[in-house]
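Trainee: For reference, the structure I am asking about is given below.
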Amino acid sequence: MRRTLHLERSAFWTETSDPEAWFRALDVLASKPPQVGSPRAVADRALVGVISRRAAMGLFGLVEDFLPGVGLVTRDTEGRWTVSDEAQVLLRRWKQAPACGTELLAAYLVRESVWLRLLLLRLERRDWELHGWSEVRSSRAGLKAGTSLVLHEHAEPALWFEGLERQAAARWLARGHCDALAYAPDVLSRKPSKDNLSLTPLTAPLLLLESVGWLSRTGALTLPNELRADLTGTATPAQALTDLTSGHADVRGFVAAEPVLRELLATFGVSPSDEAFARWMDALVDEASRRGALELLAVEPGQARHGRGLFADPTKKLVRWVVHSEFNETFQNAWRALETRRELTR
């Protein structure tokens, strides 16, 4: 059955020049026991006086087939919300060196925010254009579609994601086992207000990109090569897996093998069935290990949320590995283990 991932309107920190508001909120959540209920209920209960409810929504990950935010707060199999492993790393880096933390947050959003990826992809394609960014950045008005953000193509909200669904949301489609992207049912029908569908909230992450040197004061975008390759889909498999590993690693360098490899496939436009994925994962890791393309340094058991483990071995759910350039060839060789041909971005 065809499943659709439903996207909530964009939400970031409401004081656009204060990305550290999200770190403060994560710090509060990390100090509390796991929370239950809807993202709105968790925000109302745990983050009152810390961050606005609207800004808090942007922190949350999947609720079945509904995506309110960027996944820094995730729900486990028992329905409890906790600060994700990657968010814990970001939080720790921010406490050690705030500038480093905010740069890591910027990189995370380029990889994980469906809304920011949409904007950056449209800017890269010149479908959309920042106009007068030097004025926008110094005012409180924020980004406005039609004036400071000129929509040359795909101007209607219903067309914003047209042709970019997989580039913008491949990882989330894979995580939700979905094959289509759409707005949440009531998003387009809301009356104009602070809760309507708008590109204005994207002012906040754009200012963050400027603060770390990836957007000039005149609006010229210069992402680091690895992030640009991830965004545009030109990263090699070896580079993509290296970046995913770096982004998801805990303080000891371990990552959960299955989730990371699922995201790797999603990066290249594929979301197979569980059976096909298991066959592909085993074939890939077997050949890559034998050829030295994937150097396994250590393995450990993990939790249910960490997946099946290497070769379905529960003692090998968490791995520490090094990816070598030969991985590109073994990745291509493993396609034949999938049930169907590689899906193409539509």
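The values are calculated or read from the model by the stated rules, or taken from the named source; none is laboratory data. All values reported here derive from a predicted model rather than from experimental measurement. Here the Cβ positions follow ideal geometry from the backbone for every residue, glycine too, while neighbour counts run over all protein chains shown. Just the protein is used for accessible areas: all its heavy atoms, side chains included, with ligands, DNA and RNA removed. Shrake-Rupley method; radii C 1.70, N 1.55, O 1.52, S 1.80 Å.
Trainee: Taking the conditions exactly as written (in a helix (DSSP H, G or I), buried (at least 19 other Cβ atoms within 10 Å of the Cβ), touching a residue at least 12 places away in the same chain (Cβ under 8 Å) and within 12 Å of the chain's Cα centre (by Cα)), does residue 115 satisfy them or not?
Mentor: Yes; evaluated as a whole, the condition is true for this residue.
Trainee: Looking at the structure I just gave you, is residue 208 farther than 19 Å from residue 126 by Cβ, at pLDDT 95 or above and surrounded by 17 or more Cβ atoms within 10 Å (Cβ to Cβ)?
Mentor: On the way: farther than 19 Å from residue 126 by Cβ: yes; at pLDDT 95 or above: yes; surrounded by 17 or more Cβ atoms within 10 Å (Cβ to Cβ): yes.
Taking the combined requirement at face value, the residue satisfies it.
Trainee: Next up: Go over the candidates 42, 70 one by one and state the one that is open to solvent by less than 40 Å² (accessible area, probe 1.4 Å), closer than 20 Å to residue 172 by Cβ and assigned to a helix (DSSP H, G or I). First the steps, then the outcome.
Mentor: Numbers: 70 fails: assigned to a helix (DSSP H, G or I).
It is 42.
Trainee: Residue under question is residue 128, and the condition is that it be within 16 Å of residue 68 (Cα to Cα) and either charged (D, E, K, R) or open to solvent by less than 60 Å² (accessible area, probe 1.4 Å) (or both); does it hold?
Mentor: On the way: within 16 Å of residue 68 (Cα to Cα): no; either charged (D, E, K, R) or open to solvent by less than 60 Å² (accessible area, probe 1.4 Å) (or both): yes.
Criteria not met by residue 128.
The rows are residues; the columns are (1) touching an Asp or Glu at 6+ places or on another chain (Cβ under 7 Å); (2) surrounded by 20 or more Cβ atoms within 10 Å (Cβ to Cβ); (3) within 28 Å of residue 221 (Cβ to Cβ).
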{"residue": "54", "(1), (2), (3)": "no, no, yes"}
{"residue": "60", "(1), (2), (3)": "no, yes, yes"}
{"residue": "65", "(1), (2), (3)": "no, no, no"}
{"residue": "76", "(1), (2), (3)": "no, no, no"}
{"residue": "80", "(1), (2), (3)": "no, no, no"}
{"residue": "92", "(1), (2), (3)": "no, no, no"}
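Trainee: Provide a single number: the residues in the stretch 158-173 that are closer than 15 Å to residue 9 by Cβ and open to solvent by less than 40 Å² (accessible area, probe 1.4 Å).
Mentor: Count: 4.
Trainee: What residue, among those in the stretch 218-242 that are among the β-branched types (Val, Ile, Thr) and over 15 Å from the mean Cα position of the chain (by Cα), is most open to solvent (accessible area, probe 1.4 Å)?
Mentor: 218
Trainee: Still on this model: Return yes or no: is residue 181 in a strand (DSSP E or B), buried (at least 18 other Cβ atoms within 10 Å of the Cβ) and of a type outside the set (Phe, Trp, Tyr)?
Mentor: On the way: in a strand (DSSP E or B): yes; buried (at least 18 other Cβ atoms within 10 Å of the Cβ): yes; of a type outside the set (Phe, Trp, Tyr): yes.
Judged against the criteria, residue 181 is a match.
Trainee: Kindly check whether there is at least one residue in the stretch 158-171 that is in contact (Cβ under 8 Å) with a residue 12 or more places away in the chain, of a type in the set (Lys, Arg) and closer than 21 Å to residue 220 by Cβ.
Mentor: No, the stretch 158-171 has no match at all.
Trainee: Taking the residues in the stretch 246-280 that are among the hydroxyl-bearing types (Ser, Thr, Tyr) and buried (at least 20 other Cβ atoms within 10 Å of the Cβ) as candidates, determine which candidate is modelled with the highest pLDDT.
Mentor: 267
Trainee: Of the residues that make up the stretch 204-215, is at least one in contact (Cβ under 8 Å) with a residue 60 or more places away in the chain, of a type in the set (Ser, Thr, Tyr) and out of contact with any Pro (no Cβ under 7 Å at 6 or more places or on another chain)?
Mentor: Yes, the stretch 204-215 contains a residue that is in contact (Cβ under 8 Å) with a residue 60 or more places away in the chain, of a type in the set (Ser, Thr, Tyr) and out of contact with any Pro (no Cβ under 7 Å at 6 or more places or on another chain).
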